[in-house]
């Protein structure tokens with residue numbers, strides 16, 4: 001363990017924060033769906049996967065397309081798919097036409113995940129694809145900050161430009177989502193429905209419309225997080241499965257339905273995984289155990305606070 005230095009620990013912390021912010025964005029959509037509709041979408045990871053593939057094929061077809069535009073298009077595509085699915089299949093649940101809505105939602109979203117994953121396998125095949133980094137940084141050297149094409153050195157700590165750009169996208173989208181939820185009438189309407197559907201309907205808010213919007217926004221955030229990360233990881237049709245499992249862990253860590261909890265849970269999970277993998281005595285096995293470190297802190301938090309960081313007792 002002679003390689004452990006102060007700079008190495010700071011580097012692990014920084015990498016954990018970077019990936020944790022992306023995790024938080026990924027889970028933000030899932031917690032929004034749960035808080036408004038009262039269901040957990042098991043297809044969340046598949047929308048993350050679709051977002052990445054939309055960017056991949058857009059950049060393949062239009063080589064000069066601005067990558068940020070491609071990410072926005074990926075968000076629009078996943079938003080539309082989510083809205084159509086909610087209108088066709090989840091709307092009857094909101095109207096009270098389904099006898100056991102909880103089980104119905106689980107089976108339906110699980111079936112959607114299975115369907116989307118195998119449709120994509122049929123379309124793109126099982127082989128991994130990788131998108132080239134969105135931007136090459138200009139070469140600069142300011143001592144404490146250096147850039148060269150694919151890497152940024154911050155106080156001699158290397159950071160992948162792809163991961164840095166993905167984190168920047170996550171921060172901007174998270175800030176916009178917080179602004180939307182707190183400053184706009186529609187966002188406050190979503191919050192009102194999540195707190196009390198009947199009271200919200202009394203003051204003129206249509207819960208059915210809010211259900212559709214919440215599901216669409218949730219799938220959009222998943223798609224855009226995948227679109228931002230497609231340059232970081234190899235992309236295959238089942239890439240959404242680990243992303244989905246991490247999102248479930250995060251929303252339980254942060255507290256079911258809590259947006260601040262989703263952000264904090266994402267940061268905690270990212271930092272724990274980074275330190276766990278970086279400090280594990282056998283580097284050849286460290287990545288294999290990375291998910292186990294996240295599950296360990298998940299279990300410890302639930303032992304101390306079963307409702308999560310910001311969860312409320314039902």
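Couple of notes before you dig in:
- Of the residues making up segment 79-105, those that are surrounded by 12 or more Cβ atoms within 10 Å (Cβ to Cβ) and either under 19 Å from the mean Cα position of the chain (by Cα) or over 24 Å from residue 196 (Cβ atoms) (or both) are 79, 80, 81, 82, 83, 84, 85, 89.
- Residue, surrounded by the most Cβ atoms within 10 Å (Cβ to Cβ), within segment 2-58, restricted to residues that are more than 16 Å from residue 246 (Cβ to Cβ) and touching a strand residue (DSSP E or B) at 6+ places or on another chain (Cβ under 8 Å): 53
- Checklist (1) touching a helix residue (DSSP H, G or I) at 6+ places or on another chain (Cβ under 8 Å); (2) more than 22 Å from residue 40 (Cβ to Cβ); (3) at pLDDT below 85 applied to residue 282, failing item: (1)
- Of all the numbered requirements in (1) within 30 Å of residue 192 (Cβ to Cβ); (2) touching a residue at least 24 places away in the same chain (Cβ under 8 Å); (3) part of a helix (DSSP H, G or I), residue 70 misses one, and that requirement is (1).
- Within segment 146-178, tally of residues that are assigned to a loop (DSSP other than H, G, I, E, B) and either surrounded by 14 or more Cβ atoms within 10 Å (Cβ to Cβ) or in contact with a helix residue (DSSP H, G or I) (Cβ under 6 Å, 6 or more places away or on another chain) (or both): 1
- Across segment 119-131, the number of residues qualifying as out of contact with any strand residue (DSSP E or B) (no Cβ under 6 Å at 6 or more places or on another chain) and either surrounded by 13 or more Cβ atoms within 10 Å (Cβ to Cβ) or modelled with pLDDT under 80 (or both) comes to 5.
- Residue match in segment 136-144 (condition: touching a residue at least 12 places away in the same chain (Cβ under 8 Å) and either out of contact with any helix residue (DSSP H, G or I) (no Cβ under 7 Å at 6 or more places or on another chain) or over 18 Å from residue 237 (Cα atoms) (or both)): yes
- Between 264, 269, 295, 253, the distinction of being closer than 30 Å to residue 195 by Cα, out of contact with any helix residue (DSSP H, G or I) (no Cβ under 6 Å at 6 or more places or on another chain) and part of a helix (DSSP H, G or I) belongs to 295 only.
- Boolean, residue 302 is surrounded by fewer than 16 Cβ atoms within 10 Å (Cβ to Cβ), free of Cβ contacts under 8 Å to residues at least 60 places away in the same chain, out of contact with any strand residue (DSSP E or B) (no Cβ under 7 Å at 6 or more places or on another chain) and closer than 10 Å to residue 253 by Cα: yes
- Residue that is modelled with pLDDT of 85 or more, outside any loop (DSSP other than H, G, I, E, B) and within 13 Å of residue 261 (Cα to Cα), where the choices are 20, 16: 20
The values are calculated or read from the model by the stated rules, or taken from the named source; none is laboratory data. Quantities reported herein were computed from a predicted structural model and do not represent experimental measurements. Don't worry about glycine lacking a Cβ; one is built from the backbone with ideal geometry, like all the others, and counts go over all protein chains shown.
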